[in-house]
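Notes for the one structure printed next.
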Amino acid sequence: MESLCPEVDYQKFLAEGRLMIQRSRGSGRYVFYPRVAEPVTGARDLEWVEACGKGTVYSTTVVRQKSPTPSYNVAVIDLEEGVRMLSCVEGIEPEAVRIGMPVQAKIVYRGDAALLVFEPA
């Protein structure tokens, strides 16, 4: 799939239940956030590849809400492919998310949107 709007392509893949990221054919470097050219070289040879979904929490914070709305975490995740993603870790209390924690990607559907979240591995 080649498009001038990689964000739309990424969202379509998520809606299909697939975690896809881009990789430069020339350098082999993985790229995230979706874009039309590799940031380092400017090469426009990006292809979509399926990510394994395994990662590690690089950083995390808890967003505290006024009761009765539950608090939640925001986390930066390092994927095994070497890219970082901003997401959240679900399935545990927000305060229990720790730097270095192994996580696994999961696609969830909220309303009519597919979202990428992570769970403890």
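Per DSSP H run of n ≥ 4, the term is -39500 (n - 2.57); total these for the chain, divide by its residue number, and report the mean residue ellipticity at 222 nm rounded to 500 deg cm²/dmol.
About -2500 deg cm²/dmol.
What percent antiparallel are the DSSP beta bridges of the chain, to the nearest 5?
About 95 percent, rounded to the nearest 5.
Is there a quick way to get the dipole size of the range 2-49? I mean about its Cα centre, with the Cβ of Lys and Arg at +1 and of Asp and Glu at -1; what is the value in debye to the nearest 20?
Once rounded to the nearest 20, the dipole reads 120 debye.
Quote to one decimal, in nm, the extra length available between residue 121 and residue 4 on full extension: 0.36 nm per residue of separation minus the C-alpha distance between them.
Numbers: separation 117, 0.36 × 117 = 42.12 nm, distance 3.47 nm.
Working it through step by step, the gained length comes to 38.6 nm.
Mind sorting 112, 78 by how few other Cβ atoms lie within 10 Å of their own Cβ, fewest first? Don't jump to the answer; show the numbers that get you there.
On the way: 112 6, 78 17.
With the fewest neighbours first, 112, 78 line up as 112, 78.
How far is helix 6-15 tilted off the main Cα axis of the chain, in degrees rounded to 10, range 0 to 90?
50 degrees
For the chain, build the charge dipole from Cβ charges (+1 Lys, Arg; -1 Asp, Glu) around the Cα centre, then report which of 62, 13, 49 sits farthest towards its positive end.
Projecting each Cα onto the dipole axis, the largest value belongs to 62.
Using only the alpha carbon atoms of the chain, find the Kirkwood hydrodynamic radius as the inverse mean reciprocal pair distance, in angstroms to one decimal.
Computed over the chain, the radius equals 15.3 Å.
P(r) tail for the range 52-121, what percent of Cα pairs lie past 18 Å? Show your work: numbers first, answer last.
Numbers: 850 of 2415 pairs.
That tail contains 35 percent of the Cα-Cα pairs.
Given the options 103, 36, 89, which has the most mean-square fluctuation in a GNM of the chain, springs set between C-alpha atoms less than 10 angstrom apart?
Of 103, 36, 89, the most mobile in the Gaussian network model is 36.
Sort 107, 77 so the one with the fewest other Cβ atoms within 10 Å of its own Cβ comes first.
Lowest count first: 107, 77.
Expected output is a single nm value to one decimal: the length gained when fully extending between residue 63 and residue 18, i.e. 0.36 nm times separation in residues minus the C-alpha distance. What is it?
That pair, residue 63 and residue 18, stretches by 13.4 nm at full extension.
Between residue 43 and residue 113, how many nm apart are label points set 7 Å from Cα along the C-beta direction?
3.4 nm
Cα convex hull of the range 1-50: how many Å³ per residue?
63 Å³
All of the numbers you see were taken from the coordinates with simple rules; none came from a lab. Being a predicted model, the structure only gives us computed values, none of them experimental. Note that each Cβ is placed from the backbone with ideal geometry, even for glycine, and that neighbours are counted across all protein chains shown.
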